[in-house]
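Okay, so here's the structure we're looking at.
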Amino acid sequence: MGYYVLNGGLLMFEVGDKIVYPNHGAGTIVGIEEKEVLGETKKYYIMKLPIGEMKVMIPLDNVEDIGIREIIDSERVEDVIKVLEQEKSEMSQNWNRRYRSNTEKIKTGDIFEVAEVVRNLTLRDMEKGLSTGEKKMLSNCRQILISELVLAKDESEEEVQEQLDELFADRDVEEE
């Protein structure tokens with residue numbers, strides 16, 4: 001991770017760094033720009049996501065509050081796989097509580113929390129199906145997880161997606 005000074009302010013990241021934006025996923029900083037928004041000029045990181053070719057603007061003065069972090073290194077990928085291979089953790093039977101708990105885990109931006117949500121929702125889906133809201137959450141959560149694994153492993157989205165699918169394909173699930 002590189003540090004450098006731009007107009008007197010210390011930047012945490014530089015162009016080319018691979019970072020995670022909680023709730024959005026991982027991407028690469030492709031630029032730093034000044035933009036005027038609501039009459040106020042601010043500096044923004046321009047982050048390109050590997051999935052969907054979307055670009056996100058992240059205000060530099062909110063980086064810590066948002067929880068922006070570097071992506072995991074290749075050694076930590078195995079730890080993520082181990083989380084995905086574990087049994088489903090205890091989840092509330094109440095849809096609302098379960099949804100709120102999962103939302104909080106996703107908001108942390110912690111890849112291990114995100115992997116836990118992917119694992120739990122995938123296994124629940126295999127056992128008894130998911131509500132529409134949880135299906136959407138699982139889809140978004142998988143994208144967040146895949147985006148970071150794509151950059152950490154330097155593999156294509158398709159390769160990582162396939163590996164994730166294979167992890168769950170042979171799982172025996174128990175009805176609750």
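Values quoted throughout were computed directly from the atomic coordinates according to the rules given, and no laboratory measurement underlies them. Because the structure is predicted, anything quoted here is derived from the model rather than measured. As a convention, Cβ positions derive from the backbone with ideal geometry for all residues, glycine included, and neighbour counts pool all protein chains shown.
Relative to the longest principal axis of the Cα atoms of the chain, helix 74-85 runs at roughly 30 degrees. Summing Lys and Arg as +1 and Asp and Glu as -1 over all other residues whose Cβ lies under 14 Å from the Cβ of residue 17 gives a net charge of -1. Assuming charge only on the beta carbon of Lys and Arg (+1) and of Asp and Glu (-1), the dipole of segment 23-103 about its Cα centre is about 400 debye to the nearest 20. Extension gain for residue 157-residue 65 works out to 30.2 nm (0.36 nm per residue, less the C-alpha to C-alpha distance). Largest GNM mean-square fluctuation among 132, 108, 122, using the chain with Cα springs under 10 Å: 132. Checking every one of the trypsin sites (Lys or Arg not before Pro) in segment 73-176 against DSSP loop status and a limit of 15 other Cβ atoms within 10 Å picks out 171. For the chain, the relative contact order comes to 21 percent (Cα pairs under 8 Å, sequence separation of at least 6). Here the Debye sum runs over all C-alpha atoms of the chain as equal scatterers in vacuum, and log10 of I(q)/I(0) at q = 0.09, 0.18, 0.20 Å⁻¹ comes out as -0.36, -1.13, -1.32. Here segment 74-169 is treated as a sphere whose radius is the Kirkwood value from Cα pairs; by Stokes-Einstein at 10 °C and 1.306 mPa s it diffuses with a coefficient of 118 µm²/s.
Cross-link partners for residue 88 among the lysines, with Cα-Cα distance under 21 Å and sequence neighbours closer than 8 places in the same chain left out: 105, 107, 128, 135, 136.
For the chain, the longest principal axis of the C-alpha atoms and the axis of helix 157-169 are separated by about 30°. Net charge of the neighbourhood of residue 34, taken over other residues with C-beta under 13 Å away and scored Lys/Arg +1, Asp/Glu -1, is -1.
Counting only lysines at least 8 places from residue 42 when in the same chain, those with an alpha carbon closer than 20 Å to its own are 55.
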